[in-house]
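Single-structure report; data block below.
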Amino acid sequence: VALLFTVVLAMAGIHQGLVDDATVLVRAAGADLWVVQQGTRGPFADASRLDPSVEQRVAAVAGVRRARSFTYQILQREAAGQQRRFALVGLSWPDDGARGVPLVAGRALAQGHGELVADASLGLEVGATVSLAREELRVVGLTRQLLGSGGDAVVLATLAAAQLVVADAPTDAV
């Protein structure tokens, strides 16, 4: 009976840990409602493209205190001398500069371009640079346990910087 109890307790703990890891980014966003493209499965499961005017239209609805745009994409790039897989989240600047994210080092985003806040699990230090969309972005802050639903470390940048990454493609691909 003791062995069975131990196994059940371990399984419950593992399950709770997986659920917590998979929902940490959703909780960090603090959204009460997500607006996504019709026919998609939400902001983290499918690509959802909306007209930029949707943010202003949602903000105009009675009872809405704040509306923000963001992007979410999984990337694999070289960081800290190794190929790293991470989730890039583009935040609506200047309304959201990662100020609600608990930082363990550095600061939140203070400029509209050229800065990142990264999860410490990527192995980056404050002041390190990451090349995205043929531009060097500098790490200005570190957070801990900010993971995407697949367990990938999250990197926060401005929406404009993240959109450059989305649009970046080699000439032959275009």
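The values are calculated or read from the model by the stated rules, or taken from the named source; none is laboratory data. None of these values were measured; they are calculated from a predicted model. When we count neighbours, we look across all protein chains shown, and the Cβ atoms used for this are built from the backbone with ideal geometry, even at glycine. Heads up: the accessible areas ignore ligands, DNA and RNA and are worked out on the full protein's heavy atoms, side chains in. Shrake-Rupley method; radii C 1.70, N 1.55, O 1.52, S 1.80 Å.
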- request: Out of the residues in region 157-174 that are crowded, with 19+ Cβ neighbours inside 10 Å and β-branched (Val, Ile, Thr), state the one that is modelled with the highest pLDDT.
  value: Thr158
message: Can you list residue pairs whose Cβ atoms sit under 7 Å apart, with the first residue in region 24-42 being part of a loop (DSSP other than H, G, I, E, B) and the second being of a type in the set (D, E, K, R) and modelled with pLDDT of 80 or more? Count only pairs 6 or more apart in sequence or on different chains.
response: Gln37/Arg49
Index of the failed condition, Gly127 passing every other in (1) in a loop (DSSP other than H, G, I, E, B); (2) more than 13 Å from the chain's Cα centre (by Cα); (3) on the phi < 0 side of the Ramachandran plot: (3)
query: Mind checking which residues of region 111-133 are under 19 Å from Leu164 (Cα atoms) and surrounded by fewer than 14 Cβ atoms within 10 Å (Cβ to Cβ)?
result: Gln111, Gly112, His113, Ser131
- request: Show the residue pairs that are 6+ apart or on different chains and have beta-carbon atoms under 7 Å apart, the first residue being within region 75-103 and in contact (Cβ under 8 Å) with a residue 24 or more places away in the chain, the second being among the acidic types (Asp, Glu).
  value: Arg85/Asp152; Phe86/Asp152; Ala87/Asp152
- prompt: Would you call Thr23 modelled with pLDDT of 85 or more and among the polar types (S, T, N, Q)?
  reply: no
- prompt: So which residues in region 8-52 are open to solvent by 60 Å² or more (accessible area, probe 1.4 Å) and at positive phi?
  reply: Gly39
query: Inside region 78-110, can you point out the residues that are open to solvent by 70 Å² or more (accessible area, probe 1.4 Å), of a type in the set (D, E, K, R) and part of a strand (DSSP E or B)?
result: Glu78, Arg85
statement: Residue set Val154, Val139; condition surrounded by 13 or more Cβ atoms within 10 Å (Cβ to Cβ) and modelled with pLDDT under 90; output residue Val154
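Would you mind stating whether Gly141 is over 15 Å from Tyr72 (Cα atoms), part of a strand (DSSP E or B) and free of Cβ contacts under 8 Å to residues at least 60 places away in the same chain? Let's see the steps before the verdict.
Details: over 15 Å from Tyr72 (Cα atoms): yes; part of a strand (DSSP E or B): yes; free of Cβ contacts under 8 Å to residues at least 60 places away in the same chain: yes.
In short, yes.
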- prompt: Does region 109-123 include one or more residues that are more than 30 Å from Gln16 (Cα to Cα), touching a residue at least 24 places away in the same chain (Cβ under 8 Å) and of a type in the set (Val, Ile, Thr)?
  reply: no
